[in-house]
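Please read the structure below before turning to the comments.
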Amino acid sequence: STSETFTSIARVYRGTFVHSTQNAAVEILEDTILGVDTEGRIAFISTAAELGTLSKTWGFRISDVRHLGPRFFMPGLVDTHIHASQYSYSGTALDMPLLQWLNTYTFPTEVNYKDLDFAHDVYTKVVKRTLRNGTTAACYFATIYTDSSLLLGEIADKYGQRALVGKVCMDRNQAVPVYQESVDHSCKETKRFIGELLKRKYARVRPIVTPRFALSCSASLLGHLGEIAKNNDLHIQSHISETKDEVDLVKQLFPDSESYADVYHKHNLLTNKTVMAHACHLTDSELKLFKDTGTSIAHCPNSNISLCSGMLDVQRVLKHSVKLGLGTDVAGGYSPSMLDAIRRTLDTSKILSIQDPKHKALTFEEVFRLATLGGSEALSLHKQTGNFEVGKDFDALLINPVVSDSPFDVFPSEGPKVILEKFLNLGDDRNIEEVYVAGKKVIPFQQSE
Ligand code: GUN
Ligand code: FE
């Protein structure tokens with residue numbers, strides 16, 4: 001095509017590429033060549049038989065092509081729901097049900113983010129930890145404090161992670177009264193957060209409107225936030241139907257709404273750029289509302305199990321044609337790694353099939369898709385990322401299954417699909433040799449970082 005003459009190639013790789021498409025949960029492309037242009041986008045992906053032609057068309061030297069050997073590339077992992085501000089206590093404090101857990105651990109911790117030094121330390125650690133584990137795109141909750149939420153955006157940009165960052169909004173908090181805002185303040189600060197973050201023109205960090213959940217927000221605040229999102233065409237995130245206690249309380253607090261989903265829908269908060277976390281206990285009509293509005297679900301299985309919240313039936317969600325991605329939900333979920341989210345998704349699905357033999361458990365291939373392409377669709381980032389389609393940004397993990405301290409072994413008879421399965425079930429950050437976001441190598445870290 002004519003555009004080829006205007007773009008130049010930065011790097012070309014030859015080897016195995018594994019990704020998902022609309023038609024295939026796992027597509028394995030062996031002896032394939034992929035070119036990344038100077039903008040970090042995928043310029044071409046072809047069989048190696050085309051190498052001579054491509055090198056002439058695109059003007060790269062065949063001797064500059066990097067051979068992957070036993071390694072393979074897969075798309076970066078998309079964490080559709082993570083609380084950066086809860087990372088400090090991840091791996092602890094999982095001994096209470098959700099609402100008590102929020103009052104006892106979460107709200108008192110989040111108050112600390114008034115302090116920019118504290119925030120800088122934790123936010124740097126969570127961005128580095130998640131990148132190290134292959135999260136190339138993350139949808140973050142910060143806290144109610146605007147300045148430290150902006151700092152999270154700055155840190156994601158500095159280390160090169162693609163991110164949606166939300167300043168949390170809440171005007172109800174009986175348990176920890178200092179940790180709430182007035183409606184007026186919350187709206188003013190949300191607008192300041194959005195304006196300031198956009199002004200900084202970070203390439204891949206965007207604001208997301210973030211009402212914490214219906215129990216933390218008055219109808220008035222929800223209404224204003226819906227307006228702000230609509231007027232600026234912004235992403236929206238919140239929580240829904242995580243536990244039955246929460247669903248019951250929402251019913252009491254919003255007696256005029258038909259359902260929990262309707263509380264958000266009434267305030268223009270269900271859109272095709274909305275992602276709702278958990279959704280364990282939605283009714284069929286609520287799922288239909290999600291489908292009709294284009295709202296997606298962040299499935300957070302570690303959190304659902306760790307806080308004994310419930311088990312989301314992913315097959316049922318997919319049957320309703322609702323978009324779904326996976327989330328770690330740090331720190332309700334104790335692991336910051338999306339590989340853990342993949343494993344807990346498989347566990348939950350298998351437990352559902354033990355309880356009901358008619359339930360068809362998800363396959364590892366399907367869950368691989370949810371963690372990559374599915375997540376990009378859930379966050380409406382599928383035009384930029386999610387798989388190795390020409391024109392998308394090159395967000396990728398270079399996996400080495402035979403690294404010297406690999407946590408699993410590979411045998412000579414095993415092909416790429418089996419090796420992918422082993423990596424998803426047994427692998428960890430030792431196998432993730434390099435991480436790329438928009439063509440830029442973000443792992444290993446630069447020396448100064
Ligand atoms: N619902 C409202 N806030 C939260 C939170 O911080 N974590 C979880 N898991 N659920 C929530
Ligand atoms: Fe959450």
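Just so it is clear, none of the values below were taken in a lab; they were calculated from the coordinates. The model shown is predicted, which means the values in this text are computed figures rather than measured ones. As a convention, Cβ positions derive from the backbone with ideal geometry for all residues, glycine included, and neighbour counts pool all protein chains shown.
Here are the numbers for the structure shown:
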read-out: Highest-fluctuation residue, Leu77, Leu99, Leu307 considered, GNM on the chain with Cα pairs under 10 Å; value: Leu99
read-out: Amide H partners (placed H, <5 Å) of Arg11, local residues excluded; value: Val36
read-out: Selected from Gly160, Gly52, Gly374 as most flexible by GNM, with the chain as the system and alpha-carbon contacts under 10 Å; value: Gly52
read-out: Whole-number percent relative contact order across the stretch 267-332, with pairs defined as alpha carbons under 8 Å at least 6 apart; value: 36
read-out: Cβ-defined net charge surrounding Lys230, 14 Å radius [Lys, Arg +1; Asp, Glu -1]; value: +1
read-out: Top of Asn133, Asn304, Asn173 by mean-square fluctuation, Gaussian network on the chain, Cα under 10 Å; value: Asn173
read-out: Residue exposure sequence - Tyr436, Tyr105 - by fewest surrounding Cβ within 10 Å; value: Tyr105, Tyr436
read-out: Which of Glu242, Glu181, Glu27 has the fewest Cβ neighbours within 10 Å, and the rest in rising order; value: Glu27, Glu181, Glu242
read-out: For the chain, share of DSSP beta bridges that run antiparallel, in % to the nearest 5; value: 45
read-out: Highest to lowest packing among 65-74, 89-98, 375-384, scored as the average C-beta count within 10 Å; value: 375-384, 65-74, 89-98
read-out: Proxy reagent accessibility, fewest Cβ within 10 Å first, across His359, His81, His19; value: His359, His19, His81
read-out: For His235, distant residues with modelled amide H under 5 Å away; value: Val209
read-out: Positive-pole candidate from Thr243, Tyr145, Ser349, dipole of the chain, charges at beta carbon; value: Tyr145
